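Worksheet: the structure to be examined is printed underneath.
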Amino acid sequence: EEDVIKIFYDELKKTLNKLRKSYKSNIIFVLDKSSDNSFDILKNICEKDKSSSLIMLSKRFGHQASLLVGLDHCKGDIIIMMDSDMQHPPSLIPKMLSAYNDGFEVVYTIRTDDKDKSFIRSFFSKKFYLFLNFFSEINLNPGEADFRLISKRVKDIFKEHIREQNPFFRGLFSWVGFNRIGIKFSAHPRAKGESKYNSSRLIKFAFLGLVSFGKRPLQLAIYFGILLSILSFLFMFYILVTYLFGKMMPSGWVSLALLISFFGGVQLVFIGLIGEYIGQIYDQVKGRPHYIVERKINID
């Protein structure tokens with residue numbers, strides 16, 4: 001994000017300076033190791049501003065792991081997490097703080113309009129939330145973003161107790177409870193640079209949300225299997241009756257090929273789904289660290 005970091009920092013500091021009569025603040029940048037000049041830019045910022053800190057990871061651990069790094073290292077009474085591409089506007093922070101002062105310990109944001117998203121991408125994004133809400137135990141608002149405020153109490157729960165290997169934070173912050181409120185905002189176009197979230201990463205993120213918060217897909221496999229078994233029994237009964245009454249049996253090669261293809265496809269889909277669940281279990285039992293820090297600036 002080398003093209004946008006300085007713009008984001010200046011805008012964020014402008015907002016924080018307006019609040020300094022009531023709040024003392026610091027910024028923690030988490031750098032999911034990159035090949036551009038992001039580190040040098042952030043290092044320069046932290047050298048000039050001692051209230052800003054930098055944590056650089058040893059390799060790319062992903063967006064959700066980077067959020068966990070921030071949670072593990074912050075010490076404030078109020079924590080706000082946001083992206084640096086300027087689609088999470090710093091100007092929304094005072095409104096989030098106002099909601100916190102009204103007694104809400106989780107203040108999440110809902111993106112109502114994203115000018116950088118194509119129609120197709122926006123369509124599938126909304127359908128993903130509907131799909132996830134149907135198949136899981138949680139209820140997320142379409143457009144819910146990883147731009148949120150949480151209290152220290154909520155942060156401590158994540159730091160001490162919720163240590164899933166592949167965390168899906170949008171679901172976890174819904175699952176954890178407490179007083180919650182959503183604030184709607186319109187996402188501005190990226191100030192500079194391009195989004196690093198391509199289609200394959202979005203699909204992987206969607207699967208993570210699905211297997212993290214729902215057993216219904218596995219239950220659906222059972223129900224679907226029972227339904228297909230009943231239909232197969234009825235089909236066999238039809239064939240038997242037709243044979244006993246001496247009617248000419250159709251050759252059936254086309255229908256047989258279609259049925260085999262259909263049942264084979266259904267089986268492979270559910271085997272793959274089960275594989276996703278087993279993969280999550282496999283990652284969890286290995287017990288590897290969620291991330292590895294290579295370098296820190298202005299932070300213990």
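Past 25 Å, Cα to Cα: identify those pairs from Lys59/Lys95; Lys21/Lys159; Lys24/Lys95, in the order given.
Lys59/Lys95; Lys21/Lys159
What does the charge add up to near Met81, with Lys and Arg as +1, Asp and Glu as -1, over the other residues with Cβ less than 9 Å from its Cβ?
Overall, the nearby charge balance is -1.
Spelling out what I want: for every residue of the stretch 149-163, take phi, set θ = phi - 60°, compute 6.51 cos²θ - 1.76 cosθ + 1.60 (Karplus), and round to whole Hz; glycine and proline get x.
10, 9, 7, 4, 4, 5, 4, 5, 5, 5, 6, 9, 10, 9, 10
Around Asp83, which amide H atoms from residues at least 5 apart in sequence, or from another chain, sit under 5 Å from its own amide H, with H modelled in the peptide plane?
His88
Using alpha-carbon positions, what is the distance between the centroids of the stretch 137-191 and the stretch 8-37, in Å?
Each part reduced to its Cα centre gives a spacing of 20 Å.
Glu144's amide H: which non-local residues (gap 5+, or another chain) put their own amide H closer than 5 Å, with H modeled 1.01 Å from N in plane and none for Pro or chain starts?
Under 5 Å from the amide H of Glu144 lie the amide H atoms of Arg111, each far enough along the sequence or on another chain.
Net charge around Ser151, counting only other residues with Cβ within less than 12 Å of its Cβ (Lys, Arg = +1; Asp, Glu = -1)?
+2
Among 101-107, 1-7, how do they line up from the highest to the lowest mean number of other beta-carbon atoms within 10 Å?
1-7, 101-107
FYI, it's all coordinate maths here, none of it is from the lab. All of these numbers come straight from a predicted model, not from anything done at the bench. Reconstructed Cβ throughout: ideal geometry from the backbone, glycine too, with neighbour counts over all protein chains shown.
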